[in-house]
Amino acid sequence: MSEIRIPELAESITEGTISEWLVNVGDTVAKGDPVVELETDKVNVEVNSEVAGVITEIVQDVDADVEVGDVIAKVGESGEAPASAEKSEAPAEKVEEAPKADEKETASEEPAAETAGGQDVIASPAARKRARDLNIDLSTVQARDPLGRIRPEDVDAAAKAGKQPSTPAPKQEAATAEEPGKPMKREKMSRRRRTIAKRLVEAQQESAMLTTFNEVDMTSVMNMRKERQEQFVDKHGIKLGFMSFFTKAVVAALKEFPEINAEIEGDDLLLKEYYDIGMAVSTEEGLVVPVVRDADKLDFAGIEKEIASLATKARDNALGLDELQGGTFTITNGGIFGSMLSTPILNAPQVGILGMHNIQKRAMVMPDDSIEVRPMMYIALSYDHRVVDGKGAVRFLVRVKEMLEDPFDLLLEG
């Protein structure tokens, strides 16, 4: 009998949540075959079987949290019976050793039975998870399995029977019980959503974050895209979008204000002389930030192709860890969802993030005091005031604005 364990995934990943089993008990697997999909803080990865044989037991159920080294399944040689079959063929005397229902109830009243709440309870991973969700003490649950193994339905039965632990239930559960007529649905947060929530809070707690705003007249960019779109597509096979303009403008501004392309490490400031720009992408499970490497060395077409490739991978849940790690500065575009103005949160340990917003036509006073209708976009720079002074942040944003309003220099540089 061999075991399938959670392998070393990456230096920064030590745990995950089982998202989906790709095999069932009784399935035959070859060495290297994927057997389970694991959701980690960053990406979903497949865990492969290290041996060939038959899946005899699945140890961890879907939604179970596991760490590197944990056993998740067992594999036997071809022809070996699955664990469930072995149990069903157990000798009669072993079955008789299992306590009867009335004996278990009697034993649960004795002090010695209280230790069952620790290690002596036989329960499936799904049952243990269900018990945690319902705040049920497994030592109070009566198993219907003749071998005494507690299953999720046993936990549900115990909950309905009112076998609650002595510890008080969480306030939210108490409120639900007091207001049975109020519709409510409880869902467990995904590992990725939990990680996003944790890091966003940490970013606000561990940095002196401020945001400065400006607005950009997008007339020149929009005219240039309209004039050159057909030629651009014919030559490069991809559309000329807004993101390449903003990426080029950001890289140029970062070269003028290097402290915004930095991070704090202990008492030192690391000024990075390369430009790996993170692009925030919205997926069903939350925001991910794949990185466009060496954006300063790419032309407009190269940036557009890289962004399109990363966005597709993000939505297909196919990003690799190397595509998410690092990054010196981030751009996020809330405008695609209609956002008019926002204060983006830093992507730690970076000290700057640029927020793009919706383009709206507004009446603008021109230099000659005439009034024209112009396509305007608010932009926002959130920055860590520990590293970046207000003057530098404002000048950085003004420089981005200037280059976008007169983008010919960006094309020449590209």
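The values are calculated or read from the model by the stated rules, or taken from the named source; none is laboratory data. Just so it is clear, the model here is predicted, and its values are computed rather than measured. Note: ideal-geometry Cβ built from the backbone for every residue, glycine included; neighbour counts use all protein chains shown.
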*Does the stretch 252-261 contain at least one residue that is among the β-branched types (V, I, T), in contact with a Lys or Arg (Cβ under 9 Å, 6 or more places away or on another chain) and part of a helix (DSSP H, G or I)?*
no
*Residues in the stretch 299-317 that are free of Cβ contacts under 8 Å to residues at least 24 places away in the same chain and not in a helix (DSSP H, G or I): how many?*
1
*Test result for Y383, aromatic (F, W, Y), surrounded by fewer than 23 Cβ atoms within 10 Å (Cβ to Cβ) and either in contact with a strand residue (DSSP E or B) (Cβ under 9 Å, 6 or more places away or on another chain) or more than 18 Å from N223 (Cα to Cα) (or both)*: no
*asked:* Given the options I336, I379, I345, name the one that is β-branched (V, I, T) and over 19 Å from V288 (Cα atoms).
replied: I379
*Considering only the stretch 319-330, state which residues are without any contact (Cβ under 8 Å) to a residue 60 or more places away in the chain and either within 26 Å of E37 (Cα to Cα) or assigned to a loop (DSSP other than H, G, I, E, B) (or both).*
D322, E323, G326, G327
_Answer from E259, E304, E215, E206 - the residue that is acidic (D, E) and modelled with pLDDT under 95_ = E206
*Out of all the residues in the stretch 285-298, which are over 12 Å from G327 (Cα atoms), assigned to a loop (DSSP other than H, G, I, E, B) and under 24 Å from the mean Cα position of the chain (by Cα)?*
E285
